[in-house]
Amino acid sequence: MTGKWRVLEEGKSAADIAIHKRGEMETLIKENTEKIESLTMAFRDSEHLGAQLKQQVGDLQIESERQAKELTANAEEKELLLVQMEGKDSAVHKARKELEEELTNQELSASEMTGMKFQCEDLQKKLKGEREAAAAARTAGERDQELAAAAKNEAKRVTEEKLELSEELDALKIQMRAMMTNRRPSSFTEEDLDGCKAIFEHIRKGELKEAEELLATGMPADLTDAASFTPLMVACQCGARKIVKALLRRGASLNLQNQHGDTALHCCMPEQEELGKYLVSKGADEELRNNNGKKWTDLKVQ
């Protein structure tokens with residue numbers, strides 16, 4: 001038993017030694033493995049660094065070539081500029097020579113202009129005299145034109161006054177004839193009034209003589225048709241000034257309104273505005289509005 005025990009002890013010791021050596025070997029292998037991995041990473045980093053360096057070298061070569069080309073181009077541009085400068089020097093020399101010639105010509109021209117200046121002064125004096133004479137003649141002509149225009153306006157005014165007096169006289173004659181009939185408007189029968197309504201058609205057709213004859217009968221001046229138009233309204237529409245004045249002499253109402261709300265003033269527009277102003281001077285109410293809310297002045301053509 002003692003021998004077996006010894007053998008077991010020795011085997012155990014050998015096993016412990018082997019296990020210990022195995023642990024050392026594993027530790028050594030692990031360290032070597034880490035070193036290999038470290039070297040591998042270092043190698044890879046060196047490869048990456050080498051690639052970067054290679055790229056940088058390539059970039060530097062390209063940049064060097066570009067700068068070399070630029071230097072070549074700059075040298076060519078410099079030569080071109082030198083050539084251009086030589087050309088400009090020649091142009092400057094030529095321009096200086098031309099300027100000297102121009103100055104000489106200007107001096108000659110100045111001398112000639114001095115002589116021309118005296119001639120111009122003489123001409124200016126002559127022109128001034130001629131202008132003054134022309135201004136005097138023009139003033140006289142304008143004065144004659146003003147006198148002629150004034151005479152024309154005066155003749156026009158006299159003609160208009162004569163026409164006004166003639167129309168007023170005719171209206172007065174019609175009124176006198178109506179008065180001589182000694183017949184009141186209220187004495188007219190329905191049959192008489194129907195006959196008198198022909199005055200509307202006479203005025204529209206310009207048959208003023210026939211319209212005057214009806215007025216001379218003493219008919220009602222404010223007779224109305226189916227649309228409530230009065231003879232005065234129709235006369236204003238047609239511009240029959242003589243009939244308008246005869247109706248006013250007969251006492252026609254200025255402010256009656258037809259079915260549209262129009263007065264005689266409204267009926268003057270837009271073509272007989274001057275006749276409307278005459279009605280206003282006779283007392284027509286400018287503020288009256290028709291059914292559309294319009295005053296007579298609102299009917300002007302814009």
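All of the numbers you see were taken from the coordinates with simple rules; none came from a lab. Owing to the predicted nature of the structure, the values given are computational and were not obtained by experimental measurement. Quick reminder, even Gly has a Cβ in these numbers, built from the backbone with ideal geometry, and neighbours come from all protein chains shown.
Run the quick spin-label model on residue 73 and residue 294: label points 7 Å from Cα toward the beta carbon, then report their separation in nm to one decimal.
Once both label points are built, they end up 8.1 nm from each other.
Can you tell me the length gained on complete extension of the stretch residue 55 to residue 227, counting 0.36 nm per residue apart and subtracting the Cα distance? Intermediate results must be reported in sequence, preceding the final value.
Details: separation 172, 0.36 × 172 = 61.92 nm, distance 10.88 nm.
Here the segment from residue 55 to residue 227 would lengthen by 51.0 nm.
Can you give the convex hull volume of the alpha carbon atoms of the stretch 149-299 per residue, in Å³?
Convex hull volume per residue, Cα atoms: 116 Å³.
Run the numbers for residue 193 and residue 142: contour at 0.36 nm per residue of separation, minus the present Cα-Cα distance, in nm.
Answer, rounded to one decimal: 12.3 nm.
Can you tell me the length gained on complete extension of the stretch residue 180 to residue 259, counting 0.36 nm per residue apart and subtracting the Cα distance?
Gain in length upon complete extension: 25.0 nm.
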